[in-house]
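Asker: Please find one structure pasted underneath; my questions will follow.
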């Protein structure tokens, strides 16, 4: 009887030590992940994609889509949203936009991918902690290599535009025209470009040309 109790005690102690070791390893792995990766970014991105997948699709590729948000304490810089958080929220809104309007589906079918080529943001009114806002995103126009998007932070009962951002979304491995033809089953005419957006596109082109000249790339391509 005493021998059986002793063996049982040793077994329980071994099991307890095993569970403790597993817990310590799990905590160590989580600590390493949070130290080396922006884990909350990936979790939020996954949640946005899953939610967008469940929402009804948006058949009009150029239609404006809205995503709601609220300024939380970890978004703050002093008493208002940190400047970098605006761009982060725009990232999530574009994920939802592309998931619902079919751009991601078209990219997979055509073997393409995308990457942000340029962004610019104008902050008009601070979003303070606890403030709710809507982030309205839409594809404005495109060229042979990229989509150009407008994203607006709208808040308050008067729907005031608190910030507005332009984004150049470079397409790699295919083209915006091919994506739109895949989704719409026809050739889609390029919309007229607003004057302020055209000036920004001109700036990007001029800046790229200046940097190529500065690095001597123009001479190498001649």
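The values are calculated or read from the model by the stated rules, or taken from the named source; none is laboratory data. All of these numbers come straight from a predicted model, not from anything done at the bench. With ideal geometry, Cβ positions are generated from the backbone for all residues, glycine too; neighbour counts draw on all protein chains shown.
Asker: So, of the residues in region 54-81 that are surrounded by 14 or more Cβ atoms within 10 Å (Cβ to Cβ) and in contact with a helix residue (DSSP H, G or I) (Cβ under 7 Å, 6 or more places away or on another chain), which turns out to be nearest to residue 184 (Cα to Cα)?
Answerer: 61
Asker: Looking for something in contact with a strand residue (DSSP E or B) (Cβ under 6 Å, 6 or more places away or on another chain), outside any helix (DSSP H, G or I) and within 28 Å of residue 196 (Cα to Cα) - is there at least one such residue anywhere in region 69-79?
Answerer: Yes, because at least one residue in region 69-79 is in contact with a strand residue (DSSP E or B) (Cβ under 6 Å, 6 or more places away or on another chain), outside any helix (DSSP H, G or I) and within 28 Å of residue 196 (Cα to Cα).
Asker: Please find, within region 105-124, the residue that is surrounded by the fewest Cβ atoms within 10 Å (Cβ to Cβ) out of those that are farther than 24 Å from residue 205 by Cβ and in contact with a strand residue (DSSP E or B) (Cβ under 9 Å, 6 or more places away or on another chain).
Answerer: In this case the residue turns out to be 124.
Asker: Can you tell me which of 188, 154 is more than 22 Å from the chain's Cα centre (by Cα), surrounded by 15 or more Cβ atoms within 10 Å (Cβ to Cβ) and either in a strand (DSSP E or B) or at pLDDT below 95 (or both)?
Answerer: Being more than 22 Å from the chain's Cα centre (by Cα), surrounded by 15 or more Cβ atoms within 10 Å (Cβ to Cβ) and either in a strand (DSSP E or B) or at pLDDT below 95 (or both) holds for just one of 188, 154, which is 188.
Asker: Look through region 29-39, keep the residues that are surrounded by 11 or more Cβ atoms within 10 Å (Cβ to Cβ) and part of a helix (DSSP H, G or I), and return whichever of them is nearest to the chain's Cα centre (by Cα).
Answerer: 39
Asker: Just need a number here: residues in region 125-139 that are part of a strand (DSSP E or B) and either out of contact with any strand residue (DSSP E or B) (no Cβ under 7 Å at 6 or more places or on another chain) or touching a residue at least 60 places away in the same chain (Cβ under 8 Å) (or both).
Answerer: Within region 125-139, residues that are part of a strand (DSSP E or B) and either out of contact with any strand residue (DSSP E or B) (no Cβ under 7 Å at 6 or more places or on another chain) or touching a residue at least 60 places away in the same chain (Cβ under 8 Å) (or both) number 8.
Asker: If I filter region 197-219 for residues that are more than 26 Å from the chain's Cα centre (by Cα), closer than 21 Å to residue 64 by Cβ and free of Cβ contacts under 8 Å to residues at least 24 places away in the same chain, do I get at least one hit?
Answerer: no
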